[in-house]
Amino acid sequence: MDRPTNAEVAATLERTAELLEAQGASPYRAQTYRGAGAAVRQCERALSEVLGIGPGMDAVVREVLETGRLGVLDRLEGEVSPEGLFMTVPGMGEALARRAHIMLRLETLEDLEAAARDGRLKKLPGFGPRRALLVRDAVTRQLAGSRRRWSGHPSQDRPDPFPAPPVELLLATDGEYRRRAAAGELRKICPRRFNPTQEASLPIWHTERDGWAFTAMFTNANASWVSIFFERDGYEGQATAVTAARGLLAGLRVVRGREASCQAHHDALHRAAEPPHAPPLAAAAAARDEICL
């Protein structure tokens, strides 16, 4: 793949700024992209030789140069489904991408790479060992050339000392997004997939809290699942908030992959809301289940 020209990179950054403004993101965040676009457009040398726009924007520009895409822009334009993301990997057609998402519940490129490494992917119909190896190598190269990413899953390494957003912050963002969406307060974008009428139907919300920039939206697969994309200092990641269906947290919102932290969070809320010496969440859940029997 030929690397994008400076003008093409600048246009990508400027388009991102326009959509951030149109969707109600903070003026500062939009201006950051617009300023980076202007700097790139004025640059007379190859960008790979002169990167120095800033730690966050350098990572953004590298992503465009290495992949020809920008994840932030894809989300702003409605390309939010995991299937669409997986189809950017060589060897992954639409049918295979959908199986990986639905049958293995994979959400991110990091999830896909992990499934290719631990053997889950090769067991899916249509894959096999050879294709799984090709996909693993392709997604590893794609991740290495893109922005610094971390999926937020505790089993994966993350660059130290960069932390994930605390579950309290993710769950607060999830709750506020769902409240605003239900009240009809949010702008809507037009999902590119599973949307034959091309209707602007997907609520999107941008917010900044405690130094993090968040973008929240429902997933295409399930309107009760919320994808929360987070960025800070050139790092980006994704978390998925769902309603737990079983166990101690049944009926409560949790962040997938971080259930232990969510249980501690809900335990603290439970203790604060109940009278002194009230049973912990586990005991309350056991009593609830006993009543239901």
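How many residues does the range 2-17 contain that are in contact with a Gly (Cβ under 9 Å, 6 or more places away or on another chain) and either small (Gly, Ala, Ser) or in a helix (DSSP H, G or I) (or both)? Result for the range 2-17: 10.
Of all residues in the range 15-38, which are open to solvent by 50 Å² or more (accessible area, probe 1.4 Å) and either hydrophobic (A, V, I, L, M, F, W, C) or in contact with a Lys or Arg (Cβ under 6 Å, 6 or more places away or on another chain) (or both)? Passing the criteria: only Ala22. Filtered by the rule that a residue be among the charged types (D, E, K, R) and in contact with a helix residue (DSSP H, G or I) (Cβ under 7 Å, 6 or more places away or on another chain), the range 78-93 gives a lone residue, Glu83. For the range 236-265, filtered to residues that are polar (S, T, N, Q) and open to solvent by 50 Å² or more (accessible area, probe 1.4 Å), the residue that is farthest from Val61 (Cα to Cα) is Gln263. Restricting attention to the range 39-70 and to residues that are modelled with pLDDT under 75 and part of a helix (DSSP H, G or I), the residue that is surrounded by the fewest Cβ atoms within 10 Å (Cβ to Cβ) turns out to be Glu49. Under the condition of being buried (at least 19 other Cβ atoms within 10 Å of the Cβ) and in a helix (DSSP H, G or I), the residues counted in the range 85-98 number 4. Pro159 fulfils the conditions (1) in contact with a Ser or Thr (Cβ under 9 Å, 6 or more places away or on another chain); (2) open to solvent by 40 Å² or more (accessible area, probe 1.4 Å); (3) more than 14 Å from Ser227 (Cβ to Cβ); (4) at pLDDT below 90 except for a single criterion, (1). In the range 183-199, the residues that are closer than 10 Å to Gly78 by Cβ and open to solvent by 100 Å² or more (accessible area, probe 1.4 Å) form Cβ pairs under 6 Å with partners that are in a loop (DSSP other than H, G, I, E, B) and modelled with pLDDT under 70, at six or more places apart or across chains, as follows: Arg192/Glu79. Per the listing Leu252, Leu293, Leu281, the residue uniquely over 18 Å from Ala172 (Cβ atoms) and at pLDDT 50 or above is Leu281.
The values are calculated or read from the model by the stated rules, or taken from the named source; none is laboratory data. Source: prediction; values computed, not measured. Every residue, glycine among them, receives a Cβ derived from its backbone with ideal geometry; neighbour counts consider all protein chains shown. Heads up: the accessible areas ignore ligands, DNA and RNA and are worked out on the full protein's heavy atoms, side chains in. Shrake-Rupley method; radii C 1.70, N 1.55, O 1.52, S 1.80 Å.
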